[in-house]
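Just so it is clear, none of the values below were taken in a lab; they were calculated from the coordinates. Remember, predicted model here, so these are calculated numbers, not experimental data. No Cβ is skipped: glycine too gets one built from the backbone with ideal geometry, and neighbour counts run over all protein chains shown.
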């Protein structure tokens, strides 16, 4: 069963991912169904005697550990990371503190809760800054702010998606991602967006966004990025797959931005591009995710 859709603001992207996964698994001869997890869907899964699901949900409920916890309680195996790692990765403020504690290179940042927010917060950092919801994906609510006059507007927009926001120092540079599959790093993808940053429009609507995989990087730098991605994946307790996003500054400095535990699986998504560069086609990628996840779930449950 492929779960796609759900209640988050990333529903449309999730439906696209789910359809792509459904088609890919079907092409490999697997008996697959699509299900939008609304209402008492756990009861439906039990009624249909479903034993494993492929999670193609993004955003709240599907990616933040909530769904994973429900499936654990129902003893239904699922793809990707468990509830704890999913929750940590989805809440960017929590993961940034963990990355910092693990001595991974993150931009200077601070966190502000909506109930404590004050315009005076803009004095904590020099502009430009990036303002983003602590708990959201697909770049919803993210703004690059170049002056104090635009700061509060950007914060209000971010608070539409989360009760907590993350404010980071803006670093101009190359946007790079490292996918992890079966705990190993994939070739690096460079994103070249025509817009000021890789926002929702650039990801899903702008045909001018270009990608290069493998990215043109010095071999030592590429290995460094892959090593950091694996370390970040492990620091959060992620499993099977993830995608680490980076900025490479003009002076060669590397900054880890975040980890995604359920990367996009659409035609424009980055993890499939990286897998393809490693010789794994999209149906093969979906099968690997499914098989590896099932092995980990069964091993974990046998040790309870």
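The overall shape of segment 1-140 is prolate: from the C-alpha gyration tensor, with semi-axes ordered a ≥ b ≥ c, the ratio a/c is 1.5 or greater and a/b exceeds b/c.
For the chain, the longest principal axis of the Cα atoms and the long axis of helix 92-101 meet at an angle of about 80 degrees. Helices in the chain, meaning DSSP H runs of at least 4 residues, each add -39500 (n - 2.57). Divided by all residues, the mean residue ellipticity at 222 nm is -11000 deg cm²/dmol. Can you give the FRET efficiency to the nearest 0.05 for residue 253 and residue 281, using r as the Cβ-Cβ distance and R₀ = 45 Å? According to the calculation, E is roughly 0.80. Subtracting the Cα-Cα distance of residue 291 and residue 36 from their residue separation scaled by 0.36 nm leaves 89.6 nm. Here residue 73 and residue 27 are evaluated by their C-beta separation; at R0 = 35 Å the FRET efficiency comes out at 0.60. When DSSP beta bridges are restricted to pairs lying wholly in the chain, around 85% turn out antiparallel.
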